[in-house]
Amino acid sequence: MSHYDKLRPSADLQFCDCKELRELLLVHRLTDNPVHCFACNGALDPQRLGLSSKQVDMVSSWHGQFQALYSLWLDCGEYEAWAKVQLLKRDGQVNRDGLAAVAALSALLPTYYWWFHDESDPEPLCCPVCGDKLSASRKHGHGQCDACQVVI
Ligand SMILES: [Zn+2]
Ligand SMILES: [Zn+2]
C-alpha cells in the first residue's frame, strides 16, 4: 500500500469465482464490500447473490458503523480506545446490527460474522456472544462458534 492509496478508491478487490457458493462471511476488509465467500475469501457482488433491498440496507448500515469505528481504532488517536470498546461490546449497536445482517443473509446461505479482535490482545478462546469455547477455525481467524455464526 502506498501513501497515496489512502486517497484512492480500492481497486484491488478480489472477487469470488467459486462455481458453487456454500457459506458467506460478513467482514470489513478496508473496501466498500463486506460480503465475502467463506471458502475463497473473495468479495461477492450483491447482484450475484440477489440480495433484497432490505438485506442491502442492513449490510450497508452495519458496515458504515464498523468502518467508522475501525478507522478510528486504526488511527491511534484520541478515539482509539473508545472505538475498540464499541467494537468489542457484545450488545453494542455495531455488533447487534452485524448479527442482524448475518441473520438476514443466512436466509440465502449460512453466513458468519467476523468479530473484531485486536491481535495485540491474548488469543480469544471463547465465543464473544455465548461464552462457549470456540471450535477450531476452519478457515478464518482463531476459531469459530457455529451456534452464533461467529468467527474471531
Ligand atoms: Zn469463493
Ligand atoms: Zn457462540
What do you reckon, is Leu87 among the hydrophobic types (A, V, I, L, M, F, W, C), within 16 Å of ligand 2 (Cβ to nearest atom) and at negative phi?
no
Of Val102, Val129, Val94, the only residue that is in contact (Cβ under 8 Å) with a residue 40 or more places away in the chain, of a type in the set (Val, Ile, Thr) and more than 16 Å from ligand 1 (Cβ to nearest atom) is Val102
Look through Asp57, Asp45 and report the one residue that is more than 16 Å from ligand 1 (Cβ to nearest atom) and at negative phi.
Asp57
What tally of residues in region 12-30 results from selecting those that are more than 18 Å from Phe66 (Cβ to Cβ), out of contact with any Gly (no Cβ under 6 Å at 6 or more places or on another chain), within 15 Å of ligand 1 (Cβ to nearest atom) and open to solvent by 70 Å² or more (accessible area, probe 1.4 Å)?
4
Look at region 71-127 and say how many of its residues are more than 25 Å from Leu51 (Cα to Cα) and aliphatic (A, V, I, L, M).
8
Checking Asn95, Asn33, Asn41 in turn, the sole residue that is assigned to a helix (DSSP H, G or I), open to solvent by less than 90 Å² (accessible area, probe 1.4 Å) and in contact with a strand residue (DSSP E or B) (Cβ under 9 Å, 6 or more places away or on another chain) turns out to be Asn95
Qualifying positions in region 106-126 - under 26 Å from Ser71 (Cβ atoms), open to solvent by 20 Å² or more (accessible area, probe 1.4 Å) and within 16 Å of ligand 1 (Cβ to nearest atom)
Trp114
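The values are calculated or read from the model by the stated rules, or taken from the named source; none is laboratory data. None of these values were measured; they are calculated from a predicted model. Glycine gets a Cβ as well: all are built from the backbone with ideal geometry, and neighbour counts include every protein chain shown. Each accessible area value is taken on the protein alone, full model and side chains, heavy atoms only, with ligands, DNA and RNA left out. Shrake-Rupley method; radii C 1.70, N 1.55, O 1.52, S 1.80 Å.
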